[in-house]
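Participant: Here it is, the structure in full.
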C-alpha cells in the first residue's frame with residue numbers, strides 16, 4: 001500500500017521498539033528460552049503483540065507473533081490461504097519482522113481451530129528441539145497450544161508471561177509521554193460528555209459524546225461505562241447494552257472513560273455529575289473516596305507489596321464502616337486496560353518506579369454509588385496524578 005508511513009497512527013519510535021526487544025532477548029538468554037510465541041485477538045486485553053510489533057490485534061481475529069532470541073520476527077493473522085510474504089527492508093509498519101503469513105481462520109467456525117497453529121508450526125520450523133516460551137497463556141486457545149505441543153514433542157514449553165511482564169511493567173520515557181497525552185485526552189472527553197448531559201437524552205448519547213471526542217484525536221479503542229439515576233439511588237455504571245435510560249432533571253450521571261490514546265496506551269478517568277445539586281450524602285461519600293485513595297497513594301512506593309497495600313486498604317475501609325474491596329481497585333495499565341501488577345492479594349510483582357497505575361476505590365450502598373478514578377505515575381519520591389480533571393462531583397445548571 002502506497003504512503004503507509006503517513007497512515008500509521010502515532011507510531012512508536014524505532015529506538016523504543018529496539019529497547020524492548022533488547023531487554024526481552026537478554027531475559028530470554030538468562031532463562032534459556034530460544035523463542036517466544038504470543039497470540040492476541042483484541043486491543044482491550046491483548047497488548048503483548050502490540051508491545052513487540054506496534055501493531056494491535058483487533059476484531060477478535062487472532063494475531064500471532066513468533067519472536068526468536070537471535071532472529072527477526074514472523075507474524076501472522078487474517079489473510080488469504082497460503083500467504084507467505086517476505087517483509088521488505090524499511091517497511092514502516094512491520095518493523096523487526098522478516099516474514100508475514102496469513103490464513104482466513106475464524107473463532108466462530110470451529111473447524112478453523114488449528115489454522116493459526118499450523119502457521120505457528122511453519123514459523124517454528126527450526127525449533128524442533130528448543131525451549132519455547134508461551135506469552136499470555138491465559139488468552140491462548142487450547143487448540144492452538146495443544147497442536148503445537150503435539151507437533152513439537154522434543155521441545156520444552158514454558159510459560160514466559162512473567163518474563164515479559166516484568167519488563168513491560170516499567171515504563172520508558174517515551175511510554176510515559178504517551179500516558180500523559182492519553183490522560184489529558186480523557187480530561188477533554190469527560191468535559192465533552194458532561195457538556196452533553198441534559199434532560200431527555202439517553203445515557204448512550206452522553207457516552208457517545210465522550211467516544212467521539214477521543215476518536216477525533218487518535219483514540220483507536222476503548223471501553224465506556226455509564227449510568228444515570230435519581231439522586232438517592234445507586235446508579236451503578238454499566239456497558240452499552242444497558243445505557244438506554246433517559247436522563248431526567250435532577251438526575252446524577254456517572255461515566256468511566258477507559259480508552260487508549262494515540263499510540264495505544266490506556267488510562268482511565270471516572271467521575272459523577274448532577275443535573276442540579278449533589279446531595280450532602282453524595283458529597284460526604286465522595287470525600288471519603290478521595291481520602292481512601294490518598295491512603296493507597298501513600299503506600300505506592302518502589303518495593304511495596306501489592307498484597308500489603310490491598311490488606312491495608314481493606315483494613316482502612318473496615319475501620320471507617322465502608323464495604324471492603326472484593327474485586328480490583330488499583331492496577332497498572334499499558335497496552336492492556338488491566339495490566340500487571342494488580343494491587344491485590346494474589347499479585348507477587350512489587351510496585352516499582354515508572355509504573356503507571358489506575359486507582360479507583362469504589363463501593364455501593366442502597367443510596368449511593370461512590371468512586372473516583374485517575375492514573376498515577378510512581379516515582380522514587382512519590383506519585384503524580386496524570387489526569388487534571390477536578391476531583392469533585394460536577395454540578396450542572
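Participant: Sort out which residues of segment 166-190 are outside any helix (DSSP H, G or I), under 17 Å from residue 337 (Cβ atoms) and out of contact with any helix residue (DSSP H, G or I) (no Cβ under 8 Å at 6 or more places or on another chain), and write them in order of number.
Facilitator: The one that is outside any helix (DSSP H, G or I), under 17 Å from residue 337 (Cβ atoms) and out of contact with any helix residue (DSSP H, G or I) (no Cβ under 8 Å at 6 or more places or on another chain): 169.
Participant: Additional query: Is it true that residue 302 is in contact (Cβ under 8 Å) with a residue 12 or more places away in the chain, under 11 Å from residue 361 (Cβ atoms) and surrounded by fewer than 17 Cβ atoms within 10 Å (Cβ to Cβ)?
Facilitator: no
Participant: Just need a number here: residues in segment 203-230 that are farther than 30 Å from residue 56 by Cβ, out of contact with any helix residue (DSSP H, G or I) (no Cβ under 7 Å at 6 or more places or on another chain) and surrounded by 14 or more Cβ atoms within 10 Å (Cβ to Cβ).
Facilitator: 1
Participant: Among (1) surrounded by 22 or more Cβ atoms within 10 Å (Cβ to Cβ); (2) part of a loop (DSSP other than H, G, I, E, B), where does residue 236 come up short?
Facilitator: Residue 236 satisfies every listed condition except (1).
Participant: Kindly list the number of the only condition in (1) under 23 Å from residue 10 (Cα atoms); (2) touching a strand residue (DSSP E or B) at 6+ places or on another chain (Cβ under 6 Å) that fails for residue 38.
Facilitator: (1)
Participant: Among residues belonging to segment 257-270 that are touching a helix residue (DSSP H, G or I) at 6+ places or on another chain (Cβ under 6 Å) and part of a strand (DSSP E or B), point out the one that is nearest to residue 331 (Cα to Cα).
Facilitator: In this case the residue turns out to be 269.
Participant: Out of all the residues in segment 79-102, which are buried (at least 19 other Cβ atoms within 10 Å of the Cβ), assigned to a loop (DSSP other than H, G, I, E, B) and in contact with a strand residue (DSSP E or B) (Cβ under 8 Å, 6 or more places away or on another chain)?
Facilitator: Across segment 79-102, the qualifying residues are 94, 96.
Participant: How many of the residues making up segment 191-225 are over 17 Å from residue 254 (Cα atoms) and either in the same structural domain as residue 58 (by TED's automatic domain parsing) or in a helix (DSSP H, G or I) (or both)?
Facilitator: Summing the residues that are over 17 Å from residue 254 (Cα atoms) and either in the same structural domain as residue 58 (by TED's automatic domain parsing) or in a helix (DSSP H, G or I) (or both) in segment 191-225 gives 4.
Participant: Can you pull out the residues in segment 28-78 that are surrounded by fewer than 22 Cβ atoms within 10 Å (Cβ to Cβ) and at positive phi?
Facilitator: Listed by number, the residues that qualify are 32, 59, 60.
Participant: How about segment 260-271: which of its residues are buried (at least 24 other Cβ atoms within 10 Å of the Cβ) and either closer than 25 Å to residue 246 by Cβ or not assigned by TED's automatic domain parsing to the domain that holds residue 361 (or both)?
Facilitator: Across segment 260-271, the qualifying residues are 269, 271.
Participant: Looking at 126, 133, 105, which is the one that is within 26 Å of residue 26 (Cβ to Cβ) and touching a helix residue (DSSP H, G or I) at 6+ places or on another chain (Cβ under 7 Å)?
Facilitator: 133
Participant: Another question, if that's okay. So is residue 254 within 24 Å of the chain's Cα centre (by Cα) and either surrounded by 15 or more Cβ atoms within 10 Å (Cβ to Cβ) or part of a loop (DSSP other than H, G, I, E, B) (or both) or not? Please lay out each step first, then the result.
Facilitator: On the way: within 24 Å of the chain's Cα centre (by Cα): yes; either surrounded by 15 or more Cβ atoms within 10 Å (Cβ to Cβ) or part of a loop (DSSP other than H, G, I, E, B) (or both): yes.
So residue 254 passes the test.
Participant: Quick check on my filter: what residues within segment 345-381 are under 21 Å from residue 138 (Cβ atoms) and crowded, with 18+ Cβ neighbours inside 10 Å?
Facilitator: Passing the criteria: 347, 355, 357, 358.
The values are calculated or read from the model by the stated rules, or taken from the named source; none is laboratory data. Keep in mind that what you see is a predicted model, and the values were worked out from it rather than measured. Methodologically, a virtual Cβ is constructed for each residue, glycine included, from the backbone with ideal geometry; neighbour enumeration extends over all protein chains shown.
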